[in-house]
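Written below as structure tokens is the structure these notes are about.
The values are calculated or read from the model by the stated rules, or taken from the named source; none is laboratory data. These numbers were taken from a predicted model, which means no experiment stands behind them.
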Amino acid sequence: MNTSTNEPDLPGVQPEVHNPEVSYDTTDLSARGVVFFLIFLAIGGVLVTGATWGVYKYIARAVAGPNPIAGPMAASRQELRSEGVDPALRFPPPQLQADPVADFNRFHEREQEILNSYGWVDQANGKVRIPIERAIDQVAATGLPVRPNVPAVSPGAARASGTQETSRGTQ
């Protein structure tokens, strides 16, 4: 048994070494300061929550009181109905779609008409529109335009010829 620390001697366990001249810095942070901070934080949280709840109750009482506050949309609807006018007809754009399926069908019909008919795109410049099936047949018959086959220039050959290579190409 170790007589200086009253600990039993265990094989392979080093006894704790204590240097009385070395200690930790006690001026940085105290437990008392941390506890006060946490108490003030809790009190502040309770006060803010109470104030928010009070404001909410005040607003709820004002809205649900004898003369409820109507929003601008509700007020205008009531005024229009008192005049005998449907609010949906007088409401300024953008208006909601009354029948989205019918709107889509009309849109699809217009697009199909454009795709399957002849017409002017730009009459001043002589640009016309042809039906899509006819355009596909023409492209299949003539093929798509292709760039001319230009031999590739290696970077070493470009430097030797005096051209500079940039990220956009050679100059």
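Numbers at a glance
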{"quantity": "Filter result (of a type in the set (A, V, I, L, M) and more than 34 Å from the chain's Cα centre (by Cα)) within the stretch 10-46", "calculated": "10, 13, 17, 22, 29, 31, 34, 35, 38, 39, 42, 43"}
{"quantity": "Test: residue in the stretch 155-165 that is at pLDDT below 85 and in a strand (DSSP E or B)", "calculated": "yes"}
{"quantity": "Any hit, the stretch 70-81, residues being modelled with pLDDT of 65 or more and not acidic (Asp, Glu)", "calculated": "yes"}
